[in-house]
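The values are calculated or read from the model by the stated rules, or taken from the named source; none is laboratory data. All figures in this text were calculated on a predicted structure; none of them were measured in a lab. A quick note on method: Cβ atoms are made from the backbone with ideal geometry, for glycine too, and the neighbour counts reach across all protein chains shown.
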C-alpha cells in the first residue's frame, strides 16, 4: 500500500464529527434542566445522519452544540470534535470564540428551518453569500460575486447572474431555502447541519430540496446531519438514523434496518404515529354510514360557484388572480380537505370563507351569507357560527394574555359573557374537551409546547360551537407523535360536535385521514375533486399524480421506487 493510498483511506475513516458523552443543561428559575444527557454520535464523510424524536427530545440542542450556538445559560459537558478537510480538528466545546468562528462555515455550516428569518431582508442574496466568504479570508469583491453566482447556480437558482442582485422577498419559499443552502455550501464545509429544512415547504418543493441535498452530497462529499420530525424525509434522504427521547439516544441503526425492524419501544411508537395514504378510507366509510338519511340534500354550509379572487396590482404592476373560477361545496357535518402546493390558492379560499379576504367575482355563500360585496354588518350575524384554527398558534395568540383569556376572547367579543373571568367555567370545559388540564388556562402561550398551543387554538376555534370550522394547516409544524394526538382529538371532536370543516393542508396523508372529500387546487384552479379513494387511490390529473408521488413515505424501499416514479412524471 502506498503512502498516498494509506492517507486517503485514513481520511475516509475519520469522522467529520464525533460527539462523545455530550450533556447540556440550561439554567432556569426552577433549577437546571438537562436537555441532552450522555449522547454519543459519529458522522462519516458523505453520510446523511438523521436525528429524530418529538419536541423536547434534545435533537435541536444537539445540532446547535455542533456549531457552538447554545445560549449563555447552557452548561456543556463532553466533546464535539469536528474534522476539517485539511486534516485538523476542533473541539467545539472547549475552543475559544475566535477559533469557533473560524470553524463555522469552513468545517461546519447550518441550514436553518425558516429561511425568511435566516436571510437579512435589507441585503441582496449575493451580498449575504459573499459575506461568509469575506469573513474567512481575503477575497476581492469581484471574486466573491463570481463565487456567489456559482453557489446559486449549484443549488439550481435560474439566471443566477441577475438573481444574485435580488433581495430575499423576491424569491419563493423554496428558492429562499435553496439560497440558505448555497450560503452553507459557499466555503465547502465537510458537514452541514440541516434543522427541519423542509418543514414549511409543500410536498413538491420539499421533493426538490431533498433531491438537491442528495445531489450535493453525492457531488461534493459533504456530510449532513438532518434534524427532522418527518419520517418520510428520513426514509428518503438518510443513510443512518439516531432516535432521541428525553435527551438520550435510544436507538441507532441504518435507515433500512430501523424502518424494517425497530428495536426500541419509543421508535416503534414514533413510526406507528406516522399517517399513511390509504389509512383514512375505512374511517371515511364509517362516517358516511353514520350520517342521517337525506343529509346530501341539506343546504350546504359553503357553496362556491365560479369563485374568483383577485389581488389588485400596485406600483404599476398588473393584478393577480389567486383563485380562478372555482366551484365547490361543503355540506353540514362534512370535512372537505383542500390540498395543493404553495400559491395554489388554498389559504386565499380559506380566508375568503372566514370573511377575511374580499371576493372579486362569481359567488361564495357561507352559512347562507353571500360574501361577494358583503359589508361588515352583513357578516356580523354569520361570524359567531364560524371558527378558525390558524397554522401557527404562537403568533395568533396574544403573548400578554393567559391561555384562558385567549380562549375566552371570542366569547366576550360576541357577547356571550361579560368578561374572561365570567367565561372561565366555559373555558375550563373547552380545555378539558381538547385534553388540556384546567390549570393550563393560567399559563401564558410561551409556557406551552407547540402541540399544547395547537390544542388551545382548537379550543378557541370551537368556543362558540360553530357550524363551520376553517382549519388552515393546523398540524404542519408539529412532530409526528404530537400531530397524531391532535388529529385523533380533531376527529373525535368533529364526530361528537358534528361541525362542517374546511381542512387546508399540503400533507396528503393527513387530509386522507380526516376528510370525507378532497379538492385539489393548482394555480388557482380546481383540477380534481372526490373521495380519498378516488383522488388519492386513482387520480385522473397529472398534477395530482405528481403531488402524490412527491409525498415521501416512511419506508426507504418504497420511497426509492417513488423517487423514480416522480422523476418519470416530471421528465
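What the table shows:
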item: Any chance residue 434 is surrounded by 21 or more Cβ atoms within 10 Å (Cβ to Cβ) and farther than 16 Å from residue 398 by Cβ; result: yes
item: Count of residues meeting criterion [surrounded by fewer than 20 Cβ atoms within 10 Å (Cβ to Cβ) and either in a strand (DSSP E or B) or free of Cβ contacts under 8 Å to residues at least 60 places away in the same chain (or both)] in segment 490-501; result: 3
item: Wholly enclosed strands (runs of 3 or more DSSP E) of segment 10-81 bearing at least 3 residues farther than 25 Å from residue 262 by Cα; result: 17-26
item: Residues that are out of contact with any strand residue (DSSP E or B) (no Cβ under 6 Å at 6 or more places or on another chain) and either crowded, with 18+ Cβ neighbours inside 10 Å or closer than 14 Å to residue 33 by Cβ (or both), drawn from segment 65-81; result: 68, 70, 71
item: Of residues in segment 17-43 being under 17 Å from residue 252 (Cβ atoms) and touching a helix residue (DSSP H, G or I) at 6+ places or on another chain (Cβ under 8 Å), the one surrounded by the fewest Cβ atoms within 10 Å (Cβ to Cβ); result: 41
item: Residue list for segment 438-468, filter: in contact with a strand residue (DSSP E or B) (Cβ under 7 Å, 6 or more places away or on another chain) and more than 15 Å from residue 494 (Cβ to Cβ); result: 457, 464
item: Residue pairs meeting the criteria (Cβ under 6 Å; at least 6 apart or on separate chains; first assigned by TED's automatic domain parsing to the domain that holds residue 336, in segment 530-553; second assigned to a loop (DSSP other than H, G, I, E, B)); result: 536/277; 545/539
item: Yes/no for residue 521 being modelled with pLDDT under 85, touching a helix residue (DSSP H, G or I) at 6+ places or on another chain (Cβ under 8 Å) and over 19 Å from residue 274 (Cα atoms); result: no
item: Odd one out for residue 199, checked against (1) outside any helix (DSSP H, G or I); (2) crowded, with 24+ Cβ neighbours inside 10 Å; result: (2)
item: Test for residue 391: is it at pLDDT below 90 and assigned to a loop (DSSP other than H, G, I, E, B); result: yes
item: Matching residues in segment 293-312 - criterion: being farther than 26 Å from residue 283 by Cα and either modelled with pLDDT of 90 or more or more than 30 Å from the chain's Cα centre (by Cα) (or both); result: 304, 305, 306, 307, 308, 309, 310
item: Test: residue in segment 468-478 that is under 22 Å from residue 238 (Cα atoms), surrounded by 22 or more Cβ atoms within 10 Å (Cβ to Cβ) and in the same structural domain as residue 383 (by TED's automatic domain parsing); result: yes
item: Subset of segment 367-379 (residues that are assigned to a helix (DSSP H, G or I) and in contact with a strand residue (DSSP E or B) (Cβ under 9 Å, 6 or more places away or on another chain)); result: 378, 379
item: Any pair with Cβ under 6 angstrom, 6 or more apart, that starts in segment 170-195 at a residue that is in contact (Cβ under 8 Å) with a residue 60 or more places away in the chain and on the phi > 0 side of the Ramachandran plot and ends at one that is crowded, with 24+ Cβ neighbours inside 10 Å and assigned to a helix (DSSP H, G or I); result: none
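Residue-by-condition table, conditions (1) modelled with pLDDT of 90 or more; (2) in a helix (DSSP H, G or I); (3) outside the structural domain of residue 412 (by TED's automatic domain parsing):
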residue	(1), (2), (3)
483	no, yes, no
503	yes, no, no
527	yes, no, no
561	no, yes, yes
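Conditions (1) free of Cβ contacts under 8 Å to residues at least 24 places away in the same chain; (2) surrounded by fewer than 18 Cβ atoms within 10 Å (Cβ to Cβ); (3) more than 30 Å from residue 469 (Cα to Cα), marked per residue:
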residue: 217; (1), (2), (3): no, no, yes
residue: 223; (1), (2), (3): no, no, yes
residue: 226; (1), (2), (3): no, no, yes
residue: 253; (1), (2), (3): yes, no, yes
residue: 289; (1), (2), (3): yes, yes, no
residue: 301; (1), (2), (3): no, no, no
